[in-house]
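The values are calculated or read from the model by the stated rules, or taken from the named source; none is laboratory data. Just so you know, these numbers come straight off a predicted model, no measurement behind them. Here the Cβ positions follow ideal geometry from the backbone for every residue, glycine too, while neighbour counts run over all protein chains shown.
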């Protein structure tokens with residue numbers, strides 16, 4: 001019985017170690033769009049090599065489950081021209097191909113892609129329909145470059161963006177709250193003072 005419990009625990013730990021986020025992808029003749037769907041990711045680290053190896057790690061969820069991902073892309077890429085946006089709901093990457101051309105699939109290996117890798121039909125354009133005007137409108141997104149940035153830098157950028165959002169929303173509320181408290185306290189003191197004056201006997 002003890003052996004079965006130990007085996008079950010090892011299986012659960014192994015499952016926790018091998019969590020994979022859902023990945024969606026689409027392509028154009030010159031680039032690939034990769035979206036890692038992991039809301040509220042913490043300490044996100046993303047790396048891309050010229051050979052087309054894409055790696056991702058982060059923690060998420062109330063229990064800070066660890067998520068890891070390693071994709072060997074179909075062909076080589078231009079790291080310097082690729083870019084990434086780490087958002088609250090997902091991590092969106094625009095991976096520039098080293099050479100223009102349509103890929104047969106996202107991953108290098110033959111066979112069916114892993115169950116967590118899916119086509120992003122919202123961004124998909126068929127090869128026959130790609131006339132150069134099918135690029136996504138990314139004007140509202142804040143991107144960072146892959147090239148020249150280490151894993152630690154990616155994680156730091158993500159953490160700072162969260163802090164900035166909190167600083168924008170909270171100081172105004174705290175300031176208003178403290179102002180109201182100060183006014184209420186002042187009103188109480190003034191009321192108490194006037195009451196004491198009325199209650200005091202005349203000499």
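For segment 144-157, the count of residues that are surrounded by fewer than 14 Cβ atoms within 10 Å (Cβ to Cβ), outside any helix (DSSP H, G or I) and at pLDDT 70 or above is at least one.
In this structure, residue 12 qualifies as loosely packed, with under 15 Cβ neighbours inside 10 Å, farther than 17 Å from residue 83 by Cα, modelled with pLDDT under 95 and out of contact with any helix residue (DSSP H, G or I) (no Cβ under 7 Å at 6 or more places or on another chain). For residue 53, indicate whether it is at pLDDT below 95 and either farther than 20 Å from residue 31 by Cα or surrounded by fewer than 17 Cβ atoms within 10 Å (Cβ to Cβ) (or both). No; evaluated as a whole, the condition is false for this residue.
Close contacts from segment 34-49, counting a first residue that is without any contact (Cβ under 8 Å) to a residue 60 or more places away in the chain and at positive phi and a second that is assigned to a strand (DSSP E or B) and surrounded by 16 or more Cβ atoms within 10 Å (Cβ to Cβ), with Cβ to Cβ under 6 Å and a gap of 6+ residues or different chains, come to 40/60. The selection criterion, being modelled with pLDDT of 70 or more and outside any loop (DSSP other than H, G, I, E, B), holds for residue 118.
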